[in-house]
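The values are calculated or read from the model by the stated rules, or taken from the named source; none is laboratory data. Only a predicted model underlies this, so the values are computations on that prediction, with no experimental measurement involved. We place every Cβ from the backbone using ideal geometry, glycine too, and count neighbours over all the protein chains shown.
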Amino acid sequence: MEKKKYYMTTAIAYTSGKPHIGNTYEIVLADAIARYKRSQGYDVFFQTGTDEHGQKIELKAQEAGVTPKQYVDNVAGQVKDIWKMMNSSHDKFIRTTDADHEREVQKIFKKLYEQGDIYKGSYEGLYCTPCESFWTESQLVDGKCPDCGREVKPAKEEAYFFKMSKYADRLTRHINTHPEFIQPVSRKNEMMNNFLLPGLQDLCVSRTSFKWGIPVDFDDRHVVYVWLDALTNYITGIGYDAEGEGTEQFKKNWPADLHLIGKDIIRFHTIYWPIFLMALGLPLPKQIFGHPWLLQGDGKMSKSKGNVLYADELVDFFGVDAVRFFVLHEMPFDNDGVISWELLVERINSELANTLGNLVNRTISMTNKYFGGTVTDKGAALSAGDAAVDADLKAVVERTPQVVEKKMDDLRVADAITEIFNLFKRCNKYIDETMPWALAKEEEKKERLETVLYNLLESIKSGARQLAPFMPETSEKILEQLGDGKVTEKPEILFARLDMEEVLKKVEELHPPVEESEGAAGSDGASGEDAVIDIEAKPEITFEEFGKMQFQVGEIIACEEVKKSRKLLCSQVKIGSQVKQIVSGIKAHYTPEEMVGKKVMVLVNLKPAKLAGVMSEGMLLCAEDADGNLALVTPEKEMPAGAEIC
């Protein structure tokens, strides 16, 4: 009987720099799903890769003094190494600089142009030369570029555009008739309400202001813009041909069963990508899952402090499977998860060392001590209570695979792992209930003791087999130690308990905090007390006018770079029970990692506006010195998110 196919992909990693643990989470999540599907008998094809074109790459290569290709070769190598280290079982690693991908993108672009879906036009607006960005009048701040604050001038840039509105109604119908298409449901509602229902604008699909991209072969002044290039990897990687029928692999695997992506790029995958596919006459993927973000603790981790979390460092401290367990187990289905050194140590000690490691170790030790490493099922119960306890354990063992399957079908991976660990916890409880050490003291209870240990070994084996997609090395170690008929003589410690203080001390030694030098307040060495700045006074306002402005304390819970901008960061700011999205021109002064966890002062009732195509719903208050250095204004004392500033 032929296996049922399952084609799944991750988003391709952008090669602007080494991926951190938040980026790495996605490949681990995808790998767990792929391994689970294989265990169910599916013929899985699992693709991942790197997104390697764009202006940002071109600029970073210039800064590094290398060619763009040399730059992306280096970063793509880092990504491959990290994916391999994390035990990813992907079947293909595609790079958008692969020659076959580039050729196919050119053919796709030409096909869409010739059938009238792409047309030549131009960006027209107010242009900021340093930022290489167009703005509308409403996007300007005090008449100047919202990114850098410099003057803007009227300008045009020739570009090709895709007619998004042509397919919008058809996409809306598809989403409404296929409730499984976008998951979780909150992502679907966001796309419908914020983008499709208000009406789609035509999408720019080429640029002339930089060269690091796939040339439009019939108009070589243009390069294909990032999303048409990057998104098509899902079909070019399996042999799509815009001029023919494609390979057998393409015919077999398309449509994709699952696109696994981060929630920050859900719009591109649930609106742009389906519309591109409709234009190409291809069926849409069956499901697009926008997973939440993995946030870095309470904001104490930042590049300036030298302790941003990267997978290779975490693996050096804790091992591959411990890191895999943490990122999979701690990430909710549709809410952001949190990772920190402290949380890692806590979970490893409680779940891996205690619940799992100690269970395996003492079960093997007792089997060796009392029966020389070999037990059989004697079916012995000394009382009705014994029989009930045995039956309850067996019921949990029999039920767990079914519950795990349901959780995995719904992509609730964290819940699936929880169910497996509930089985291990039930085994620990079974030891407490049966007290093997007490049974061993009486010869007439030896068969009952053997039955108990047999039940434990079989239960742990069942749990270990189910653990394989999530912690493959650990699963293999457990099954090897339990053996086939005889347990190992000396059980290996799977996870040693960690001392919190020792771990944090090593982290601090590895990443010492960056100390500010004396005289850092100004270029002339003046202290903060002596340095003063006079600025041009603005017109006076009345108390009534001031009273219209609402200032509150906000907590930044997530932050990322705005892809189309060199200056902007997009922050998710918790204010009371609400979360507002705020775009700020502070990328030169803060990294996204530094922003997360900060308590900031926010102007919350500023009229929303789009900056670089991203909606901003407020303003973060900053101070600026004479050299243009910015600092976020933060409360002097600890204040809750939402506290009014008056």
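Would it be correct to say that residue 503 is among the aliphatic types (A, V, I, L, M), assigned to a loop (DSSP other than H, G, I, E, B) and either touching a Gly at 6+ places or on another chain (Cβ under 8 Å) or under 26 Å from residue 340 (Cα atoms) (or both)? Steps first, please.
Working: among the aliphatic types (A, V, I, L, M): yes; assigned to a loop (DSSP other than H, G, I, E, B): no; either touching a Gly at 6+ places or on another chain (Cβ under 8 Å) or under 26 Å from residue 340 (Cα atoms) (or both): yes.
No: the conditions fail for residue 503.
The single condition among (1) part of a helix (DSSP H, G or I); (2) surrounded by fewer than 16 Cβ atoms within 10 Å (Cβ to Cβ); (3) not polar (S, T, N, Q) that residue 441 does not meet is (1). For the stretch 147-199, the tally of residues that are within 29 Å of the chain's Cα centre (by Cα) and under 18 Å from residue 124 (Cβ atoms) stands at 1.
State whether one or more residues within the stretch 452-462 are buried (at least 22 other Cβ atoms within 10 Å of the Cβ), under 36 Å from the mean Cα position of the chain (by Cα), over 30 Å from residue 180 (Cα atoms) and among the aliphatic types (A, V, I, L, M). Looking for residues that are buried (at least 22 other Cβ atoms within 10 Å of the Cβ), under 36 Å from the mean Cα position of the chain (by Cα), over 30 Å from residue 180 (Cα atoms) and among the aliphatic types (A, V, I, L, M), one finds at least one in the stretch 452-462, hence yes.
Restricting the stretch 463-486 to residues that are acidic (Asp, Glu) and within 22 Å of residue 418 (Cα to Cα), the residue that is nearest to the chain's Cα centre (by Cα) is 473.
For beta carbons closer than 6 Å, sequence separation of 6+ or different chains, a first residue in the stretch 1-24 that is touching a residue at least 24 places away in the same chain (Cβ under 8 Å) and at negative phi and a second that is in a strand (DSSP E or B) and among the β-branched types (Val, Ile, Thr), the qualifying pairs are 6/44; 10/48; 11/261; 12/50; 13/50; 15/50. Residue 438 meets all of the listed conditions (1) touching a residue at least 12 places away in the same chain (Cβ under 8 Å); (2) assigned by TED's automatic domain parsing to the domain that holds residue 354; (3) not polar (S, T, N, Q) but one, namely (1). For residue 138, the conditions (1) part of a helix (DSSP H, G or I); (2) of a type outside the set (Lys, Arg); (3) closer than 30 Å to residue 69 by Cβ all hold with the exception of (3).
Of the residues that make up the stretch 192-209, is at least one within 27 Å of residue 91 (Cβ to Cβ) and crowded, with 18+ Cβ neighbours inside 10 Å? Within the stretch 192-209, not a single residue is within 27 Å of residue 91 (Cβ to Cβ) and crowded, with 18+ Cβ neighbours inside 10 Å. The set of residues from the stretch 193-216 being aliphatic (A, V, I, L, M), assigned to a loop (DSSP other than H, G, I, E, B) and more than 15 Å from residue 106 (Cα to Cα) comprises 197, 200. Cβ-Cβ contacts under 6 Å between residues 6 or more apart (or on different chains), taken from a first residue in the stretch 374-385 that is closer than 9 Å to residue 454 by Cβ to a second residue that is aromatic (Phe, Trp, Tyr), are listed as 375/454; 377/454. Taking the stretch 85-104 as the range and being part of a helix (DSSP H, G or I) and hydroxyl-bearing (Ser, Thr, Tyr) as the test, no residue passes.
Looking at the stretch 124-133, is at least one residue of a type in the set (Gly, Ala, Ser), modelled with pLDDT under 85, within 27 Å of residue 194 (Cα to Cα) and not assigned by TED's automatic domain parsing to the domain that holds residue 196? Working first, answer last.
Our first condition is that a residue be of a type in the set (Gly, Ala, Ser); within the stretch 124-133, this holds for 125, 133.
Narrowing further to those that are modelled with pLDDT under 85: 125, 133.
From what is left, the residues that are within 27 Å of residue 194 (Cα to Cα) are 125, 133.
Adding the requirement that they be not assigned by TED's automatic domain parsing to the domain that holds residue 196 leaves 125, 133.
Yes, there is a match, as at least one residue in the stretch 124-133 is of a type in the set (Gly, Ala, Ser), modelled with pLDDT under 85, within 27 Å of residue 194 (Cα to Cα) and not assigned by TED's automatic domain parsing to the domain that holds residue 196.
If we scan the stretch 132-147, do we find a residue that is in contact with a Ser or Thr (Cβ under 9 Å, 6 or more places away or on another chain) and among the aliphatic types (A, V, I, L, M)? So far as the stretch 132-147 goes, no, none of its residues is in contact with a Ser or Thr (Cβ under 9 Å, 6 or more places away or on another chain) and among the aliphatic types (A, V, I, L, M).
Looking only at the stretch 471-480, decide whether some residue is assigned by TED's automatic domain parsing to the domain that holds residue 387 and either more than 30 Å from residue 85 (Cβ to Cβ) or not in a helix (DSSP H, G or I) (or both). Yes; the residues of the stretch 471-480 include at least one that is assigned by TED's automatic domain parsing to the domain that holds residue 387 and either more than 30 Å from residue 85 (Cβ to Cβ) or not in a helix (DSSP H, G or I) (or both). Taking the criterion of being more than 14 Å from the chain's Cα centre (by Cα) and among the β-branched types (Val, Ile, Thr), the only residue of the stretch 16-41 that qualifies is 33.
All told, residue 190 meets the bar of being assigned by TED's automatic domain parsing to the domain that holds residue 225, part of a helix (DSSP H, G or I) and acidic (Asp, Glu).
A quick yes/no check of all residues on (1) closer than 28 Å to residue 336 by Cα; (2) modelled with pLDDT of 95 or more; (3) not in a loop (DSSP other than H, G, I, E, B):
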| residue | (1), (2), (3) |
| --- | --- |
| 8 | yes, yes, yes |
| 19 | yes, no, no |
| 35 | yes, yes, yes |
| 50 | yes, yes, yes |
| 58 | no, no, yes |
| 73 | no, yes, yes |
| 83 | yes, yes, yes |
| 106 | no, yes, yes |
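Do we have any residue at all in the stretch 501-515 that's surrounded by fewer than 13 Cβ atoms within 10 Å (Cβ to Cβ), modelled with pLDDT under 95, over 30 Å from residue 631 (Cβ atoms) and not charged (D, E, K, R)? No, every residue in the stretch 501-515 fails to be surrounded by fewer than 13 Cβ atoms within 10 Å (Cβ to Cβ), modelled with pLDDT under 95, over 30 Å from residue 631 (Cβ atoms) and not charged (D, E, K, R). For the stretch 243-250, indicate whether the set of residues that are assigned by TED's automatic domain parsing to the domain that holds residue 10 and hydrophobic (A, V, I, L, M, F, W, C) is non-empty. Yes, the stretch 243-250 has at least one match.
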